[in-house]
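What follows is a set of notes on a single structure, which appears directly below.
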Ligand SMILES: Cc1cc2nc3c(=O)[nH]c(=O)nc-3n(C[C@H](O)[C@H](O)[C@H](O)COP(=O)(O)OP(=O)(O)OC[C@H]3O[C@@H](n4cnc5c(N)ncnc54)[C@H](O)[C@@H]3O)c2cc1C
């Protein structure tokens, strides 16, 4: 049986002997030996946890134990096969982790990997709006099914013709005489819609030209995604990374939803959705950090063990220094992320914390973590040389995935615009 590149790497042949392992098959040979000068044991966690509370450590260790049941090989296969990580979602639900950000649970959770995180994160952040603004029956009927893993949730905001200018979204929810709504329009990039039972949907209930401000007249709904009903269609988008998790275009054509799907008051949807956006930014920051640290750990391991020119490549400062720099960027972004998550949590009970301040810290954390993850993932690929391009070493997958937090849920450019305007009080540029 053909051995994988990784197993060849981990069970090196005698040093400096290279050449095909099978006569008929060209091989990518690695000149590897275990040096006594440098430790080859990877520290289990690169991220410094000094100062973490006992609760944070307990959560971190419990989630890490669960995630370790889903190793790189699991994500590699699911990515290659574009196969939903259903059992991972089920395991997190079984462990009770999907309720992590709901009241009494707290948001200050470390990172899951990116594709895995994407498969569950709407269940965590989108439920924030329901928990805060939902009716008693929504709290009673929907949230327990999300936490138990029975129902999955997706978040429907982005539209092809509005882009980041969310207030220009044109999907409409038109009220009928019996109180129900008919939804028409198109959403795009909706993660996990193929497997979701519910969608948290933002749609316009009053035309933009009939409201005092464009942020008014939008409403938030928690609807069933029922493809057996008329007026709903979706198509999976082929994408670069995180392929285990589906992303979709969705078309609504007079799709009927009952009156009780409305979350909070009609016309207040944008204000409500802002509430979940800060949670989403904190989560994305945590996800990006997780990816950055795992990429860096792999890079360091490789740099310790790969020998070229008779020395481990990590002995060259051109390899070592970019990795040290990537570590410090991740650590700085980690502090920003935990600060934002703490502010978000505290703002729920402490009215002296302005939502604007939470917004600034959550956006800053997302930006810094996404950039730090990108740096770490890119350098992990480069540290691996040619092997960085091989699927079996996983860093190419991390690199593909690390672009997501730079683009979504809000782009780098829009965060820079936000800080320019809200913090530096510079003129709005758009
Ligand atoms: C993998 C993935 C998963 C996603 N999942 C979801 C989901 O579940 N639900 C959902 O609703 N959406 C989702 N999205 C959508 C995501 O939130 C959007 O792609 C993102 O907000 C960017 O919007 P856009 O693609 O329309 O970019 P555009 O608005 O078209 O912008 C394109 C580029 O122009 C820049 N730009 C635009 N205007 C300005 C300006 N004024 N100043 C400076 N730069 C500007 C942007 O920063 C960006 O770089 C997902 C996207 C991806 C890639």
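Derivation of every value follows stated rules applied to the coordinates shown; laboratory data play no part. Source: prediction; values computed, not measured. No Cβ is skipped: glycine too gets one built from the backbone with ideal geometry, and neighbour counts run over all protein chains shown.
Some values worked out for this structure:
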| item | result |
| --- | --- |
| The range 105-217: radius of gyration over Cα atoms, expressed as a fraction of 2.2 N^0.38 Å | 1.18 |
| Distance between modelled label sites at residue 357 and residue 197, nm, 7 Å Cα→Cβ extension | 4.0 |
| Rounded tilt (10° steps) of 114-125 against the dominant C-alpha axis of the chain | 30 |
| Acute angle (nearest 10 degrees) that the helix 269-305 long axis makes with the longest principal axis of the chain, alpha-carbon atoms | 0 |
| Value of relative contact order over the range 208-323, rounded to a whole percent, pairs C-alpha under 8 Å and six or more apart | 23 |
| Inter-part distance where the range 117-179 and the range 355-415 are each reduced to a Cα centre, Å | 26 |
| Rounded tilt (10° steps) of 355-383 against the dominant C-alpha axis of the chain | 30 |
| Where labels lie 7 Å past Cα in the beta-carbon direction, separation of residue 254 and residue 150 in nm | 3.3 |
| Neighbour-count ranking [beta-carbon atoms within 10 angstrom, fewest first] of 321, 121, 384 | 321, 384, 121 |
| FRET efficiency, residue 58 to residue 350 (Cβ-Cβ, R0 30 Å, nearest 0.05) | 0.80 |
| Rel. contact order, % - alpha carbon contacts under 8 angstrom, at least six apart, the range 54-145 | 27 |
| The chain: most fluctuating residue of 65, 370, 196 per GNM, C-alpha cutoff 10 Å | 65 |
| Choice from 52, 88, 309 with maximal GNM fluctuation in the chain (Cα, 10 Å cutoff) | 309 |
| Of 120, 360, 308, the one that fluctuates the most in a GNM where the chain has Cα springs shorter than 10 Å | 308 |
| Percentage relative contact order, the chain, counting C-alpha pairs under 8 Å, at least six apart | 16 |
| Residue 140 paired with residue 73, simple spin-label distance in nm, labels 7 Å along Cα-to-beta-carbon | 4.8 |
| Cut-off 16 Å, label 7 Å out along Cα→Cβ of residue 168, residues of the range 389-430 by amide N | 411, 414, 429-430 |
| Order of 283, 130 - criterion: other Cβ atoms within 10 Å of each residue's Cβ, fewest first | 130, 283 |
| For 238, 132, 150, 366, order by how many other beta-carbon atoms lie within 10 Å, fewest first | 238, 150, 132, 366 |
| Volume per residue of the C-alpha convex hull in the chain, rounded to whole Å³ | 167 |
